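These notes are about the structure you will find just below.
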Amino acid sequence: MNRLVVISLVTVLLLLGLGQVFGETHPLTSARPASAASAGANGAYAMSGGGDAIGIARGPDGQFHMTAQVNGGDTSFLVDTGADMVALTVDEADRLGIFVDRSSFQPILRTASGTGYGQRVRLDSVEIGGRELTDVDAVVVQGLQTNLLGQSVLRQLGRVELRGDRLVIEPA
């Protein structure tokens, strides 16, 4: 894997404290909606599109969650502007029909809890707010508890800006 990608991913995971996700519950990634009124059935919070912009409301956990279609299937994500790539859980990759050879997992990142193992994959498509991206770089990470929507998608969508309790993605 490209050394810069690995270094970026490691830095992001360390900054977010996701090292604890590997085997422990972490408040940033394990939180679920307090009620169905504030979130959809899949755990994604209110998302709106005014024109071409996409607005995502901050969830009760202080983070920004959304649903995207990956290879045609709805997938819940934690929006992580510091992550270099999209990161999927092993279970989500399996559900989406993405082939993951667990025997070929390699050390791809270092966390506070040790070495993280995974596999680099390419997603056929990711659709967000009516915009479809194809051939998207991603990683499947063993032990990851929450899918992360990183820069391999966000940078293609446009400018990402925090406006109060909303994360706004505006086309470039």
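The values are calculated or read from the model by the stated rules, or taken from the named source; none is laboratory data. Quantities reported herein were computed from a predicted structural model and do not represent experimental measurements. Because the Cβ atoms are built from the backbone with ideal geometry, glycine has one as well, and the counts that use them run over all protein chains shown. Accessible surface areas use protein heavy atoms only, side chains included; no ligands, DNA or RNA. Shrake-Rupley method; radii C 1.70, N 1.55, O 1.52, S 1.80 Å.
Okay, here's what the table says:
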item	result
Which listed residue is at pLDDT 95 or above, more than 12 Å from Ile54 (Cα to Cα) and in contact with a helix residue (DSSP H, G or I) (Cβ under 6 Å, 6 or more places away or on another chain), from Leu133, Leu149	Leu133
From Asp101, Asp80, Asp52, Asp84, residue being of a type in the set (D, E, K, R) and free of Cβ contacts under 8 Å to residues at least 40 places away in the same chain	Asp101
Which listed residue is of a type in the set (Val, Ile, Thr) and surrounded by fewer than 19 Cβ atoms within 10 Å (Cβ to Cβ), from Thr89, Thr134	Thr134
Residue count, the stretch 137-165 (criterion: out of contact with any Phe, Trp or Tyr (no Cβ under 7 Å at 6 or more places or on another chain) and either under 17 Å from Gln69 (Cβ atoms) or crowded, with 16+ Cβ neighbours inside 10 Å (or both))	17
Any chance Asp101 is farther than 20 Å from Ile56 by Cβ, at pLDDT 95 or above and open to solvent by 10 Å² or more (accessible area, probe 1.4 Å)	no
Out of Arg95, Arg110, sole residue that is surrounded by 17 or more Cβ atoms within 10 Å (Cβ to Cβ), at negative phi and over 15 Å from the mean Cα position of the chain (by Cα)	Arg110
